[in-house]
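The values are calculated or read from the model by the stated rules, or taken from the named source; none is laboratory data. Computed from a predicted model, the values in this text were never measured in an experiment. Cβ placement follows ideal geometry from the backbone for every residue including glycine, while neighbour counts extend to all protein chains displayed.
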Amino acid sequence: MGTTTATGSGSETDRRITLAAVGVVIVFLTIGLWYTLWNPIGEGVDEGDHFEYVRYIKERRALPIQPWQDNGRPLLVSMGHHPPLYYTLLAIGIAWIDTRDAPDVLIRNPHFVWGVDHPRNGWNVYLHSPAEKWPWRGTVLAFHVGRGLTLLFGALTLWAVYRIGRLLISDYPWIAVTGMAWLAFNPSFIFMCSAIHHDALMAALYTAGMWWLVRLFDQPCTPREGMMGGLLLGAAMLTKLSGLSLALVYGWGFLLLGISRKSFRPILPGMMTTFGVALLVSGWWYGRNWALYGDPLGWEMYRSIFWFNFRSTPFTWDTFVHELLYQTAQTFWGAFGFMHITLPPTIWWTLWKIVAVLTGIAVIAILRRPYRFFKEKRWAPWLGMAGGFLFLFGALIRNAIAVGGAGHARYLFPGVTVLVLLWALGTHALTAFRFQPLLTGLVSLGLALYAVWVPYQFVIPLYPLPEIASEKESASADSLHICFASAVCIRSGNLIPQDAPGAYVLTLYWEALPGDRPDLFAHLRVQGEDGTTLIKDAFWPIPSFSTIAWEPGTIYRTRHLLQLPGGTPPGTFILEMALTVNRDGEPLPVRTVTGEKGEGFAPIMRLTLNQAVPLSVSPEISRTEELEYRIRLLGYSLGKRTWHPGETITLTLFWQPREAIQPNLVVFVHVLDKQGNLVAQHDGVPDQGRRPTPFWQPGVLVVDSHPVPLPADLPPGDYALWVGMYRWPELQRLRIQEGAAAGNDRIFLETIQVRP
């Protein structure tokens, strides 16, 4: 397996390795500080609610009592069911800052709906303004101080990972540093540690507790050692309910310790001290829950407040695989915001494939030279570390059985030490454990660049500040002067053709009028001179910045893409706009520059099309069906018509929406036998998940491919091919409004043949 030591004395090698570990921590802190700067305040997972818990303790010097049965308490702190250690530490850290401006700073984006139609609603959970920029004051300053303190907990986690690695793999000390890097430069881990969230402290305490446990295998389990372990366990239990799983890890570790030493008697004093101290540190919190809510965990209280999060259907194997495991895998390598900003599947699937290979290589390396990794009974601490991950994963499953959407990978970061060390071991085994310092440096550099590239590419562009225009810029556009009630006016605008046929960018310059104004929603339609509606669109003028926060006298510039449908003939078309209060309110009265008044849609400009808009692609078979939400099926392509059992049908559908789509829709492709029995299917978000329907732009063609695997034992014969759409998660099928299938909830395409 190659040489195991670096050139030079042992102490010199150890010093270099320690400096490298310190370097990883410093780079982690640097990137983490950058994360705290680009991420607007409140945009971490439930960050605003976590901050309110901190502020409650800071200002009232008491813990919140949650509403339960007839205690008459209002819900002031939605996160008040969590143990208080993290929030108390941060309250002490920001005690010197005046945070009374929090209600004026933390204003929720009224458009935001988790998981639904992000581009049209804005990706941001809170409204943000230039007031968040430097110099920081009040609540903004408190947020950044709190984030900085939380980042330090992440650094402690990394150091504990490093110390564990040095103990478990003493022959290859550089593996400990590489393992640190695998965690330190994981964007999800950095994001967790750079926001106000108790998971960072949980990771630090849990990992430190496992470090303490691994140390016990090399020294006597004395009451003094037990006191240290008890403090870590008690602190973890005071940070998060999943900290209770660390008690199971300790119990598992003590069992392994007794087996490895062939006697439990020497470890009993230390074990009793450990659990006794943990009970003294944290027991008061669970006793308080019992007194206030009737059970030590406060579970029924939590259920009464967050009843809408609990499952209404059984937790099945399919749920475990396709919801819990999928969501965990998706969010492990980079998830941001309220976990609603994730990476393209190609990225995180590729990373999982890489670490799967590295894990396999690590296992092979261990099996080839087991004495190097398991000498002096090192199998016991390895099993202890594996238990640390498995017990935490078990706690995640237990939570997911009751609560939907619980598969957030950050819950597992406290226990991933065994994983990152295996990945690091596999990394070094690739070079037969040669060139260890160089390999550690290359891996660390590559992962650090990934941690910077991901938010720069996929996240930061989603948090733009509203575009402010000058008087001169507004005056250079076509004058409009259309006012909607006493709320806002459109001063000017223009329509600029794009390279794509039938594509235009509509630029409008808005001005808010003095006084309060509601949250306004824009409705745009393009009509022919004969009154025929070509397309309809609906959107917030600035999705990330509600009109309730617009400053009077400020000119806001908005841009909106218009795409005329393929096949639109030449002619003159009229663009009309209406504003409503929220999505479904009544249209505001309209007043033009000439003094004309009206209701509903107001014409804002004309569009002259000199030549027809061609279809960008030609489907093999044309169709004329139109579904609900004015979704047109223009046709499909199938290639061949005869298949063999076990082959995969590739069906490509061509959709064209004529208006904006709010709900998430799923396309289904069904293969039925002559008796109408379902023999094969593919249900999925359009274009393999890459084109969710809320992202569809009116008039823009959507090419949607579906692989339909045929069973290997499918009997030969003729089979019918059907397609349709349904709303998710209601599973309500869309009705067909026009075409040959009008009145039905599915569309028959054609009959295919299966031959032996």
Name the residues in the stretch 394-435 that are within 24 Å of the chain's Cα centre (by Cα) and assigned to a loop (DSSP other than H, G, I, E, B), would you?
GLY404, GLY405, ALA406, GLY407, HIS408, VAL416
Does GLN457 satisfy the criteria of being over 30 Å from THR592 (Cβ atoms) and buried (at least 22 other Cβ atoms within 10 Å of the Cβ)?
no
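Could you tell me which residue of the stretch 629-650 is nearest to ILE661 (Cα to Cα), considering only residues that are more than 37 Å from the chain's Cα centre (by Cα), in contact (Cβ under 8 Å) with a residue 24 or more places away in the chain and loosely packed, with under 14 Cβ neighbours inside 10 Å?
Filtering the stretch 629-650 for residues that are more than 37 Å from the chain's Cα centre (by Cα), in contact (Cβ under 8 Å) with a residue 24 or more places away in the chain and loosely packed, with under 14 Cβ neighbours inside 10 Å, the one nearest to ILE661 (Cα to Cα) comes out as ARG641.
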Hey, can you tell me all the residues within the stretch 454-497 that are of a type in the set (D, E, K, R) and touching a residue at least 24 places away in the same chain (Cβ under 8 Å)?
GLU467, GLU471, GLU473, ASP478, ARG491
Looking only at the stretch 139-175, filter to residues that are aliphatic (A, V, I, L, M) and touching a Cys at 6+ places or on another chain (Cβ under 9 Å); which one of those is farthest from LEU205 (Cα to Cα)?
LEU151
Give the residue, chosen from THR572, THR558, THR580, THR568, that is outside any strand (DSSP E or B) and polar (S, T, N, Q).
THR568
Residues in the stretch 260-297 that are surrounded by 15 or more Cβ atoms within 10 Å (Cβ to Cβ), polar (S, T, N, Q) and modelled with pLDDT under 95 total 1
Answer yes or no: is there a residue in the stretch 136-145 that is closer than 30 Å to GLY229 by Cα, buried (at least 24 other Cβ atoms within 10 Å of the Cβ) and not aromatic (Phe, Trp, Tyr).
no
Working only within the stretch 534-548, note down all residues that are of a type outside the set (Gly, Ala, Ser) and either touching a strand residue (DSSP E or B) at 6+ places or on another chain (Cβ under 7 Å) or surrounded by fewer than 22 Cβ atoms within 10 Å (Cβ to Cβ) (or both).
LEU534, ILE535, LYS536, ASP537, PHE539, TRP540, PRO541, ILE542, PRO543, THR547, ILE548
Subset of the stretch 44-57, residues crowded, with 24+ Cβ neighbours inside 10 Å and under 20 Å from the mean Cα position of the chain (by Cα), comes to GLY44, GLU47, HIS50, PHE51
Go over the candidates THR580, THR568, THR592 one by one and state the one that is hydroxyl-bearing (Ser, Thr, Tyr), outside the structural domain of MET725 (by TED's automatic domain parsing), buried (at least 19 other Cβ atoms within 10 Å of the Cβ) and out of contact with any Asp or Glu (no Cβ under 7 Å at 6 or more places or on another chain).
THR568
Being surrounded by fewer than 17 Cβ atoms within 10 Å (Cβ to Cβ), free of Cβ contacts under 8 Å to residues at least 24 places away in the same chain and over 30 Å from PRO67 (Cβ atoms) is the requirement here; does LEU367 meet it?
yes
Is it the case that some residue within the stretch 731-748 is closer than 16 Å to LEU633 by Cα, acidic (Asp, Glu) and touching a Leu at 6+ places or on another chain (Cβ under 8 Å)?
yes
Output yes when any residue across the stretch 455-466 is in a helix (DSSP H, G or I) and under 13 Å from ILE175 (Cβ atoms), and no when none is.
no
Can you tell me which residue is surrounded by the most Cβ atoms within 10 Å (Cβ to Cβ) among those in the stretch 310-355 that are more than 9 Å from the chain's Cα centre (by Cα) and of a type in the set (Ser, Thr, Tyr)?
THR328
Out of everything in the stretch 488-501 that is outside any strand (DSSP E or B) and under 35 Å from the mean Cα position of the chain (by Cα), what residue ends up being nearest to LEU575 (Cα to Cα)?
GLN498
Here's a check for you: in the stretch 664-692, which residue that is in contact with a helix residue (DSSP H, G or I) (Cβ under 7 Å, 6 or more places away or on another chain) and either under 16 Å from LEU627 (Cβ atoms) or of a type in the set (Asp, Glu) (or both) is surrounded by the fewest Cβ atoms within 10 Å (Cβ to Cβ)?
ASN664
Does THR207 satisfy being crowded, with 24+ Cβ neighbours inside 10 Å and outside any helix (DSSP H, G or I)?
no
Please work out which residue is farthest from the chain's Cα centre (by Cα), limiting yourself to the stretch 515-554 and to residues that are part of a strand (DSSP E or B) and under 18 Å from ARG491 (Cβ atoms).
LEU524
Please work out if ARG691 is under 30 Å from ARG120 (Cβ atoms), of a type in the set (D, E, K, R) and at pLDDT below 90.
yes
